[in-house]
Amino acid sequence: MPRTPGHSSPSSSSVTEVKDTNSNRNAQSVDLKALAQHLGLSKGTISRALNGYPEIADRTRTRVLQAAAELGYKPNRAARRLATGRNDLISYIGVGSDWMTVERSFLSALSSTLASHGYGLIVSLADTMEHAEETMQQLIADKRVDGFVFSAPYPSDRRVAIALEHGVPAAIIGGDSMRSSHTGSLPVIGVNDSAVLDGLVDYLNSMGHDSFAYFGCDAPHAIQMLHAETLAASCSNRNTVFTHDIRADIGVDSETDSSAFVAETATSLTARAERLLDLKPSHPTAVFCGCERTVVALYMAARDRGLSVPEELSIIGIGPSQLASWLSGGLSTVSWSLSEAGRLGADCVLAMVEGAEAPDMATGIEAQFVARSSHGPAPRSVR
């Protein structure tokens, strides 16, 4: 074996011993009984410490977790399920155009946080609320999952109603944690973007804009209702014009109206965008878009009318956007961390499942304005 100058080479036998030791540790991970004997604690104490029971002192829990990691403890999943009555699975059910449904960073954070606590994730993507309802009812009937995570709830959301009816733990991401009219007693992890939106109206008003609009996405998510309300109040406080366009062909107050959960066609979205830009006596000069599909529709309608962005029309997206860096110059957005949303969703539902102290969700997820090139001063003709 060649020697490195200034360092001694270990003998071949010592190298073999190290490999054998590590190999044995990985191949023969200790069980609960061996871990209890090693620490001099009862198996019950070890089990409760590993499962996060609140009556176990932090010092003991830390000691148990460190020993479990060092000794390669692998839980007996079947035994744990028998003892706890849980399946160690959480379900995420997305509906329609839910922007978190296909966002990798959200699902990755949700999955990895659950995995770090020994739980798996089942993802179901439903085109309609009826499909989501059937999936959820089946998972509950089969006792396959311990809890649910939802995002972007609707005003009449069957997922929420089913969770409450069956007493199944569920956490909701998106909306206002201080307003629970649409979510019953289920915890809501809100997005704190109201102050950011209000500040943006003030900022754009100082740049000459006095006609604003909210172009809502193609499903009545409760969170976009809040956005429209916030922007309307902000414009009213500054004596500026405000127009909101939220899909009008749906009955958001009806729990049986399935049209509310059917994605709007590109033709319909484009027509709404065109109507917004054809308003008389003049079109809004600053428009907030509720989702990426409305951003695209508005850009296309503006192009067809010869309106340049941002010289003649400022466009601001609301929500994390994959389009932000793709559009020429970039899309200015009110954004927040989808990774944080996934982590908080997992933490919240696991606390409910395991009977541990629930994390404080009052602070919610902080939003911020990411300034790119789709907004600017109001057109000279309207100043």
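Could you check how many residues of the range 325-339 are within 18 Å of the chain's Cα centre (by Cα) and of a type in the set (A, V, I, L, M)? So that I can check it myself, show each step before the final result.
As a first pass, look at the range 325-339 and keep what is within 18 Å of the chain's Cα centre (by Cα): 333-339.
The next check asks that each one be of a type in the set (A, V, I, L, M); those that pass are 334, 338.
Number satisfying all stated conditions: 2.
Residues are listed down the side, and each one gets a yes or a no for (1) over 17 Å from R372 (Cβ atoms); (2) surrounded by fewer than 21 Cβ atoms within 10 Å (Cβ to Cβ); (3) outside the structural domain of E264 (by TED's automatic domain parsing):
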site: S282; (1), (2), (3): yes, yes, no
site: A286; (1), (2), (3): no, no, no
site: D304; (1), (2), (3): yes, yes, no
site: L307; (1), (2), (3): yes, yes, no
site: S314; (1), (2), (3): no, no, no
site: A324; (1), (2), (3): no, yes, no
site: L327; (1), (2), (3): no, yes, no
site: G330; (1), (2), (3): no, yes, no
Checklist entry - Can you tell me which residue in the range 333-351 is surrounded by the most Cβ atoms within 10 Å (Cβ to Cβ), limited to those that are of a type in the set (A, V, I, L, M) and under 17 Å from S116 (Cβ atoms)? => result V349
Item to check | Filter result (without any contact (Cβ under 8 Å) to a residue 60 or more places away in the chain and either within 13 Å of C289 (Cβ to Cβ) or touching a helix residue (DSSP H, G or I) at 6+ places or on another chain (Cβ under 8 Å) (or both)) within the range 323-336 | outcome: L323, A324, L327, L331, S332, T333, S335
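If a residue must be touching a residue at least 12 places away in the same chain (Cβ under 8 Å) and out of contact with any His (no Cβ under 9 Å at 6 or more places or on another chain), how many such residues does the range 138-150 contain?
Keep residues of the range 138-150 that are touching a residue at least 12 places away in the same chain (Cβ under 8 Å), which gives 139-140, 143-150.
Then keep just the ones that are out of contact with any His (no Cβ under 9 Å at 6 or more places or on another chain); that gives 139, 143-150.
Final tally of qualifying residues: 9.
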Checklist entry - How many residues are modelled with pLDDT of 85 or more, assigned to a loop (DSSP other than H, G, I, E, B) and surrounded by fewer than 14 Cβ atoms within 10 Å (Cβ to Cβ) when one looks only at the range 237-256? => result 1
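Kindly evaluate R343 against the criterion of being closer than 26 Å to I93 by Cβ, among the charged types (D, E, K, R) and touching a Cys at 6+ places or on another chain (Cβ under 7 Å).
Details: closer than 26 Å to I93 by Cβ: yes; among the charged types (D, E, K, R): yes; touching a Cys at 6+ places or on another chain (Cβ under 7 Å): no.
So R343 does not fit the description; no.
State whether one or more residues within the range 70-92 are assigned to a helix (DSSP H, G or I), at pLDDT 65 or above and surrounded by fewer than 18 Cβ atoms within 10 Å (Cβ to Cβ).
We begin by selecting, within the range 70-92, every residue assigned to a helix (DSSP H, G or I); these are 70-71, 77-84.
From the residues that got through so far, the ones that are at pLDDT 65 or above too are 70-71.
Applying the additional criterion that residues be surrounded by fewer than 18 Cβ atoms within 10 Å (Cβ to Cβ) yields 70-71.
Yes: the range 70-92 contains one or more residues that are assigned to a helix (DSSP H, G or I), at pLDDT 65 or above and surrounded by fewer than 18 Cβ atoms within 10 Å (Cβ to Cβ).
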Next on the checklist: Out of the strands (runs of 3 or more DSSP E) lying entirely within the range 257-347, which hold 2 or more residues that are of a type in the set (A, V, I, L, M, F, W, C)?
Outcome noted: 286-289, 314-318
Item to check | Index of the failed condition, G355 passing every other in (1) crowded, with 16+ Cβ neighbours inside 10 Å; (2) out of contact with any Asp or Glu (no Cβ under 9 Å at 6 or more places or on another chain) | outcome: (1)
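Which of the residues belonging to the range 114-138 are farther than 15 Å from L350 by Cα and among the β-branched types (V, I, T)? Quick ask: steps written out before the conclusion?
To start, the set of residues in the range 114-138 that are farther than 15 Å from L350 by Cα comprises 123-138.
Within the range 114-138, V123, T128, T135 meet the criteria.
For the structure I just gave you, tell me whether E165 is more than 30 Å from A68 (Cα to Cα), part of a helix (DSSP H, G or I), more than 20 Å from the chain's Cα centre (by Cα) and modelled with pLDDT under 90.
On the way: more than 30 Å from A68 (Cα to Cα): yes; part of a helix (DSSP H, G or I): yes; more than 20 Å from the chain's Cα centre (by Cα): yes; modelled with pLDDT under 90: no.
So E165 fails the test.
Matching residues to (1) under 27 Å from I172 (Cα atoms); (2) out of contact with any strand residue (DSSP E or B) (no Cβ under 7 Å at 6 or more places or on another chain):
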{"position": "K280", "(1), (2)": "no, yes"}
{"position": "P284", "(1), (2)": "no, no"}
{"position": "R303", "(1), (2)": "no, yes"}
{"position": "S314", "(1), (2)": "no, no"}
{"position": "E340", "(1), (2)": "yes, no"}
{"position": "D347", "(1), (2)": "yes, yes"}
{"position": "M361", "(1), (2)": "yes, no"}
{"position": "Q368", "(1), (2)": "yes, no"}
{"position": "S374", "(1), (2)": "no, no"}
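Identify, from the list A141, A109, A163, the residue that is of a type outside the set (K, R), touching a strand residue (DSSP E or B) at 6+ places or on another chain (Cβ under 6 Å) and either loosely packed, with under 15 Cβ neighbours inside 10 Å or closer than 17 Å to A346 by Cβ (or both). Steps first, answer last, please.
Values: A141 fails: touching a strand residue (DSSP E or B) at 6+ places or on another chain (Cβ under 6 Å); A109 fails: touching a strand residue (DSSP E or B) at 6+ places or on another chain (Cβ under 6 Å).
The match here is A163.
The values are calculated or read from the model by the stated rules, or taken from the named source; none is laboratory data. Keep in mind that what you see is a predicted model, and the values were worked out from it rather than measured. We place every Cβ from the backbone using ideal geometry, glycine too, and count neighbours over all the protein chains shown.
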